[in-house]
Amino acid sequence: MNGQNRSNVFRQKKTMRRKRNRLIGQLPYLLIGLLIIGILGGISYKVSVKIALALESGEKGQSGEGKEKEPGDGADSASAENGGTEPDGESASDGSETEPETDSSIDALLDQAWLLAAGYDYDAAIGLLTSSEFYGAGEGGTTDPRINSAISEYEHVRESLQPVEITEITHVFFHSLVMDESKAFDGDADESGYNQVMTTKDEFLKILDSMYEKGYVLVRLHDIATMQDGRMTKGQILLPPGRKACVMSQDDVCYYEYMEDDGFARRMVIGDNGKPACEMIMDDGTVSVGSYDMVPLLEDFIEQHPDFSYKGARAVIAFTGYQGILGYRTAESYRETNPNFAADCQAAAAVAKCLRDNGWELASHSWGHRDLGTISYEKFKTDCDKWENEVETLIGPTDIILYPFGADVSDWHAYNSDNERFMYMKSLGFDYFCNVDSNQYWVQLGDNYLRQGRRNLDGYRMWTDIAAGEGSSRRKLDDLFKAEDVFSSNRPTPVVWE
Ligand SMILES: [Zn+2]
């Protein structure tokens, strides 16, 4: 992970602020400068180490399960938002007399604080500034005016925050994104399935733009509620007025064999910047690493729009097991046929860890993509156990299940201990259960679980809105985006559910 890979927007803002800050900061600096020049090297070294340590500890907090995450836990979001950014190294090469090292270190500190505040972690932003070596480090305990003004700005915004009503949080989901529409919609046997349940890259990006414009902010399932002393306990999500929390997820992130040559990524890898990326086979047969699916595209988007992510939240990524995960053929059935079996298991585990470290939540989608509500109880147990043995062993403890087909193990009434399937999943460590529901939101906070409905944003759903016509009560997407503005013209129509 590194700090170089920043968005243009962020860079522009940073540059603007630096110019502004230099103007404001010049006078006091000249006065203080002479006094501190003798200890300059020592201070800036200490500050760098301190920030690096703060971020390092944040990274460790992040890479855990995140179950105990507290709102306002500053260190946690630092690494998720900026990938454990170190104070950028510009000062090292830029040691000119006009911009001494201290000034650069303050800039780096202000950048860190700004990024935390952009992700709604005002406590952490203020904490970072007030605990820095520069706070009260001037003559007579004065603080650089740039730091003081940042603190008061963040304190001001913090006062305006409002708690999110957690039963009104929407949850949207996707499958693997179509990167090459001409290959997915090419008239072969798989076309109809892709047309119904997949979303294309361009559609996804338009959906993100629209949701961002409408004030949506990604939160984790673990931000909504967490298990505490055996009880599912409401979390507190604080957002500025006009912002709305949402959860996002992606199912079947396995890059199944049938998807080869149909315009999808082939697997997920760790990119050069330490963030998740995808491999895709190009038309000339070469393999390209880039943003070829939802995960890296969302990383790109959040880099450009850090305020789309609450305290470093990303989406939930769900895996079946029968063909392995993330494009690696790690299922037990491949042990003899995949010559890279051991290496693929290692690589898949490393990518899964990279996802968690970057704020993604991981989930079960059952091992065999089974209807967990209707298969026999014996088959249900076997499927759950296979997922534990073949997937959880790679990705680590997981407490979320996204039901295949959205098929729940109960109707809308609260789960209870008479439901043996629910009890079996609980015994395996699952606390979060998501079905599919086209309503704007459906959240059930049970005694010892959280259940949420998810909305499919796919070709079928969009076409249904379009066919219903404007103003129809059968339209379901208008709070997120207008289907007519998003739906790809390359899709065969009508989109029929088969
Ligand atoms: Zn699925």
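The values are calculated or read from the model by the stated rules, or taken from the named source; none is laboratory data. Note that the structure is predicted; figures quoted are calculated from it, not measured. Cβ: placed from backbone, ideal geometry, glycine included. Neighbour counts: every protein chain shown.
Answer yes or no: is there a residue in the stretch 224-237 that is away from the ligand (no atom under 16 Å from the Cβ) and assigned to a helix (DSSP H, G or I). There is at least one residue in the stretch 224-237 that is away from the ligand (no atom under 16 Å from the Cβ) and assigned to a helix (DSSP H, G or I). Just to be sure before I move on: is Met248 within 16 Å of the ligand (Cβ to nearest atom), more than 20 Å from His369 (Cβ to Cβ), in the same structural domain as Ser176 (by TED's automatic domain parsing) and at pLDDT 95 or above in the structure I sent? Yes; evaluated as a whole, the condition is true for this residue.
Inside the stretch 300-335, residues that are crowded, with 24+ Cβ neighbours inside 10 Å and polar (S, T, N, Q) make up a count of 3. Any residue that is at pLDDT 95 or above, among the hydroxyl-bearing types (Ser, Thr, Tyr) and within 16 Å of the ligand (Cβ to nearest atom) - is there at least one of those in the stretch 167-180? Yes, the conditions are met somewhere in the stretch 167-180.
Among residues of the stretch 156-166 being in contact (Cβ under 8 Å) with a residue 60 or more places away in the chain and either assigned to a strand (DSSP E or B) or within 30 Å of Leu402 (Cα to Cα) (or both), the one that is farthest from the ligand (Cβ to nearest atom) is Gln162. Checking the stated criteria, Thr286 turns out not to satisfy the condition of being within 20 Å of Lys311 (Cβ to Cβ), away from the ligand (no atom under 16 Å from the Cβ) and surrounded by fewer than 16 Cβ atoms within 10 Å (Cβ to Cβ).
In the set (1) in contact with a helix residue (DSSP H, G or I) (Cβ under 7 Å, 6 or more places away or on another chain); (2) in a helix (DSSP H, G or I); (3) within 18 Å of Thr167 (Cα to Cα), Val247 fails one condition alone, (2). In the set Ala350, Ala315, only one residue is in contact (Cβ under 8 Å) with a residue 60 or more places away in the chain, closer than 23 Å to Ser438 by Cβ and out of contact with any Gly (no Cβ under 6 Å at 6 or more places or on another chain); that residue is Ala315. Considered as a group, the residues in the stretch 311-354 that are over 22 Å from the mean Cα position of the chain (by Cα) and of a type in the set (Val, Ile, Thr) include one that is farthest from the ligand (Cβ to nearest atom), and that residue is Thr337. Which of the residues belonging to the stretch 364-379 are without any contact (Cβ under 8 Å) to a residue 60 or more places away in the chain, in contact with an Asp or Glu (Cβ under 9 Å, 6 or more places away or on another chain) and not hydroxyl-bearing (Ser, Thr, Tyr)? Result: Trp367, Gly368, Arg370, Leu372, Gly373, Ile375. Restricting attention to the stretch 439-460 and to residues that are crowded, with 20+ Cβ neighbours inside 10 Å and free of Cβ contacts under 8 Å to residues at least 60 places away in the same chain, the residue that is nearest to Ile207 (Cα to Cα) turns out to be Trp442. Consider Val436 carefully, then state whether it is surrounded by 18 or more Cβ atoms within 10 Å (Cβ to Cβ), of a type in the set (Val, Ile, Thr) and within 16 Å of the ligand (Cβ to nearest atom). Yes: the conditions hold for Val436.
Comparison of His305, His365 shows that the only residue that is at pLDDT 95 or above, closer than 25 Å to Phe204 by Cβ and in contact with a Pro (Cβ under 6 Å, 6 or more places away or on another chain) is His365. Apart from one condition, Asp107 fits all of (1) under 24 Å from the mean Cα position of the chain (by Cα); (2) touching a residue at least 40 places away in the same chain (Cβ under 8 Å); the exception is (1).
What residue, among those in the stretch 252-276 that are more than 16 Å from the ligand (Cβ to nearest atom) and under 13 Å from Arg329 (Cβ atoms), is surrounded by the most Cβ atoms within 10 Å (Cβ to Cβ)? Among residues in the stretch 252-276 that are more than 16 Å from the ligand (Cβ to nearest atom) and under 13 Å from Arg329 (Cβ atoms), the one surrounded by the most Cβ atoms within 10 Å (Cβ to Cβ) is Arg267. When every residue of the stretch 374-395 is checked against the conditions, at least one turns out to be closer than 24 Å to Gly271 by Cα, assigned to a helix (DSSP H, G or I) and within 16 Å of the ligand (Cβ to nearest atom).
Please go through the stretch 204-221 and pick out each residue that is within 16 Å of Ala483 (Cα to Cα) and assigned to a helix (DSSP H, G or I). Within the stretch 204-221, Phe204, Leu205, Lys206, Ile207, Leu208, Asp209, Ser210, Met211, Tyr212, Glu213 meet the criteria.
None of Glu153, Glu191, Glu139 is in the same structural domain as Asp307 (by TED's automatic domain parsing), more than 21 Å from the chain's Cα centre (by Cα) and more than 16 Å from the ligand (Cβ to nearest atom) except Glu191. Taken over the stretch 358-369, the criterion of being within 14 Å of the ligand (Cβ to nearest atom) and surrounded by 21 or more Cβ atoms within 10 Å (Cβ to Cβ) is satisfied by Ala363, Ser364, His365, Ser366, Trp367.
Look at the stretch 189-215: where a residue is hydroxyl-bearing (Ser, Thr, Tyr) and a partner is more than 16 Å from the ligand (Cβ to nearest atom), sitting 6+ places away or on another chain with Cβ atoms under 6 Å, you get Tyr194/Ala184; Thr200/Glu181; Thr200/Ser488; Ser210/Phe481; Tyr212/His305; Tyr212/Phe308.
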